[in-house]
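Heads up, the thing below is written out as structure tokens.
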Amino acid sequence: MSARALGNANISFGLVSIPVKLYTASNTSSAISFNLMHRKCGSRLKQQYICSKEETIVSRDEMVKGYEFNKDQYVLFTDEELKAFEEQATQTIDVTEFVPMDKVDPVYYDKPYYLGPDKGGAKPYRLLAEVMKETGRVALAKYAARGKQYLVMLRPSGEGLVMQQLLYADEVRSFSEVPLDRADVKDGELKLARLLVEESSSDVFRPEAYEDEVRKRVQEALDRKVQGGQFSVTAAPKKGGEIVDLMEALRASLGKPRKTAPKAVASAERKPPRSAPRAAEKRTASARK
């Protein structure tokens, strides 16, 4: 079934304008959600807002929004005043510059959208996708929608384009705020760690090889309950004892099977597995030198 477009826009750079359609890239229908229910009669609960001062239920037509500028001190805004703050939607994805893709740290990535060509836009759409592939660059642009202005990145993906919504600089914490203890890495540790990485490496990312095991387990339990069955609640298995010595942990990890095994169809393109424990023992011995 064809995807349904969320809306229309125009990619604008220089004097070029490319009509496109926006499509959601995420599949929210796969998520499992629960509702709050009344234990006594099994009816769904309704949300109500209570005034903290008068302790009375407040209806929506009595509500306004407020900004807390000091502890328990607010300034109130009407809907008309809030509307005046909103950015006017222009339906234009206004490209400001092209930058190398590896210069945009994924920490800035937010929600992705697929872009498809709209009527009359097929050729310039393909041209933009191809030139970004060839140059290894992505387009940074401004996009106004739903009363807000967004920073977005256009990047080629397969045969088309993805519009990646980005976080602004002040929405991302600096890594300098994270406390890091200094530690020296020995050559032997680095060699063993490199062997472990090589042993667990693949040349391609295959998202279909992974699944949400918790969601799968919950769905199976839900299906049994819906059909009138029961399911047992068991505690999560306890983890084994931790290996404190780093070198010992690295040695013990070599030669072990992967925790998440890609599907069989993907195995042909994997790097050939190294031979069993004896090969691992030889590597371990060479790392000690």
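The values are calculated or read from the model by the stated rules, or taken from the named source; none is laboratory data. Computed from a predicted model, the values in this text were never measured in an experiment. Cβ placement follows ideal geometry from the backbone for every residue including glycine, while neighbour counts extend to all protein chains displayed. In case anyone asks, the SASA skips ligands and DNA or RNA and just uses the protein heavy atoms, side chains included. Shrake-Rupley method; radii C 1.70, N 1.55, O 1.52, S 1.80 Å.
Here are the numbers for the structure shown:
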| read-out | value |
| --- | --- |
| Extension gain (nm, one decimal) between Asp105 and Ala3, 0.36 nm per residue minus Cα-Cα | 33.8 nm |
| Three-way shape label, the stretch 111-203, alpha-carbon gyration tensor, a/c 1.5 | oblate |
| Dipole of the stretch 1-94, positive end: most advanced residue of His38, Ser59, Ala5 [Cβ charges, Cα centre] | His38 |
| Potential extension, Asp79-Arg215 segment - 0.36 nm per residue separation minus Cα distance | 45.0 nm |
| Ranking by accessible area, most exposed first, for Glu97, Glu189 with a 1.4 Å probe | Glu97, Glu189 |
| Solvent-accessible ranking of Thr96, Thr28, largest area first, probe 1.4 Å | Thr28, Thr96 |
| Portion, in percent, of the accessible area of the stretch 101-153 that falls on carbon or sulfur, probe 1.4 Å | 54 |
